[in-house]
Amino acid sequence: MDNGTKIKLPSFISSHEQVYFYIQELNRNRSSVANQEKIKEPLRSYLIGLSETDEISATLIDNFLEVLIETKENAPRFHVVFADYPEREIRTKITSWFRNNIHPRALISFRYDSLLVGGLVVRSRNKIFDFSFRNKLQNSKLKPVDILENVAK
């Protein structure tokens, strides 16, 4: 692996906080081969998968650190809010979708807000896309009481 430009950001690193965590993790463990054994999963397996020798070299760590630092400083950030905290599979699919369709190093933080009732809200630096049930109710011409009366019929 020549440089960090060929390294993709794995989907298990989705948020700004995770990028920061893995930068610290690699900086702590890059100085010696013995320390490299301490790199935690799933990052360890990911780096071994990138390696041509099934070992994690200092060069590979440096290249991946470059990717993480560049991502931390420049990647677009999104916040996805659900009515309940999404499971890992859903978070991974959403992260992959953002990276395939919006930006290859997009960072997504996941939160929950039970007041949404259902659906989700996506926030970027300058836009909000509100697909929540709460928003639908608030923007409906019918009042919630009218909706419930129709359901009861």
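The table for this structure:
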read-out: Candidates 125, 77, 134, filtered to the one that is in contact with a helix residue (DSSP H, G or I) (Cβ under 7 Å, 6 or more places away or on another chain), charged (D, E, K, R) and over 22 Å from residue 8 (Cα atoms); value: 134
read-out: Single unsatisfied condition, residue 62 versus (1) under 23 Å from residue 24 (Cβ atoms); (2) touching a residue at least 24 places away in the same chain (Cβ under 8 Å); (3) under 21 Å from the mean Cα position of the chain (by Cα); value: (3)
read-out: Options 52, 41: the member that is within 14 Å of residue 6 (Cβ to Cβ) and not in a helix (DSSP H, G or I); value: 52
read-out: All positions within segment 130-144 that are exposed (fewer than 13 other Cβ atoms within 10 Å of the Cβ) and part of a strand (DSSP E or B); value: none
read-out: Some residue of segment 58-73 being farther than 23 Å from residue 111 by Cβ and of a type in the set (Ser, Thr, Tyr); value: yes
read-out: Residue in segment 1-52 that is farthest from the chain's Cα centre (by Cα), counting only those that are at pLDDT below 85 and among the β-branched types (Val, Ile, Thr); value: 33
read-out: Close pairs (9 angstrom Cβ cut-off, 6 or more residues apart or separate chains): within 20 Å of residue 126 (Cβ to Cβ) and touching a residue at least 60 places away in the same chain (Cβ under 8 Å) in segment 66-78, hydroxyl-bearing (Ser, Thr, Tyr) and surrounded by 15 or more Cβ atoms within 10 Å (Cβ to Cβ) anywhere; value: 77/15; 77/109
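The values are calculated or read from the model by the stated rules, or taken from the named source; none is laboratory data. Predicted model, so just to flag it, every value in this text is computed and none were measured. When we count neighbours, we look across all protein chains shown, and the Cβ atoms used for this are built from the backbone with ideal geometry, even at glycine.
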